[in-house]
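These notes are about the structure you will find just below.
No lab work stands behind these numbers, since they all come straight from the coordinates. Note that the coordinates shown come from a computational prediction; the quantities given were computed from them, not determined experimentally. All Cβ positions, even for glycine, are placed from backbone atoms using ideal geometry, and neighbour counts span all protein chains on display.
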Amino acid sequence: MVVMTRWLDPEEQQTWRAFLTASRGLMDVLDRELQRDAGMPHAYYEILVRLSEAPGRHLRMSELADAAGSSRSRLSHAVARLESAGWVRREEHPTDRRGQVAHLTDEGFATLAAAAPGHVEGVRRHLFDALTPAQVDQLRRISETLADHLTGS
């Protein structure tokens with residue numbers, strides 16, 4: 001059986017390239033700003049946010065990896081760095097000896113609280129300020145559709 005490639009037409013190609021440039025550029029600038037202002041990459045910020053939003057400020061490592069969109073090995077390395085900074089503490093799971101739980105420390109929460117205003121301002125300046133309210137609504141709807149499609153929801 002021969003499979004025919006569904007090549008992108010010129011408009012789709014232009015849309016794809018614009019999407020790549022915009023999404024990479026946005027994440028790059030936000031990452032640089034967090035590095036400069038808070039001394040952490042965006043990936044670490046995301047881990048701290050996920051833990052801060054979890055009940056009791058802790059999650060199983062596997063749940064944290066899923067929530068942060070990270071592989072388990074990459075998350076384990078990041079959490080080790082966050083532990084050495086004193087921002088996260090890892091413990092054995094109380095009922096499952098194979099699992100570990102990551103806890104956001106008070107120092108980690110304070111670090112996140114200090115970093116959040118600058119990061120939110122960056123998100124506002126680099127994303128929302130460039131769009132009209134109608135475009136923000138379109139972006140949300142498109143992003144939700146893609147997220148549902150990609151996660152199988």
Original post:
Residues with beta-carbon under 13 Å from that of ALA116, excluding ALA116: net charge, scoring Lys, Arg +1 and Asp, Glu -1?
Top reply: -4
Subject >> Farthest positive-ward along segment 27-122 dipole, Cα basis, beta-carbon charges - from THR95, LEU30, ALA85 >> reply: THR95
Subject >> Sparse-neighbourhood loop sites, GluC sites (Glu not before Pro) in segment 58-153 - DSSP loop, at most 15 other Cβ within 10 angstrom >> reply: none
Original post:
What stretch of the chain, leaving out the sites themselves, is the longest with no trypsin sites (Lys or Arg not before Pro) in a DSSP loop having at most 16 other Cβ atoms within 10 Å?
Top reply: 7-96
Original post:
Over the chain, what relative contact order in percent results from Cα pairs under 8 Å that are six or more residues apart?
Top reply: 20 percent
Original post:
Listing MET1, MET61, MET27 from the residue with the fewest other Cβ atoms within 10 Å to the one with the most, what is the order?
Top reply: MET1, MET27, MET61
**OP:** Pop a pseudo-label 7 angstrom from the Cα along the beta-carbon direction at both ARG97 and LEU150 and give the gap in nm to one decimal.
**Re:** 3.9 nm
Subject >> Helix-derived mean residue ellipticity, 222 nm - over the chain, DSSP H n ≥ 4, -39500 (n - 2.57), to 500 >> reply: -22500 deg cm²/dmol
**OP:** May I ask you to sort LEU26, LEU75 by Cβ crowding, counting other Cβ atoms within 10 Å and putting the fewest first?
**Re:** LEU26, LEU75
**OP:** Would you mind listing how long the chain runs along its three principal axes, going by Cα atoms, in whole Å with the largest first?
**Re:** 53, 47, 23
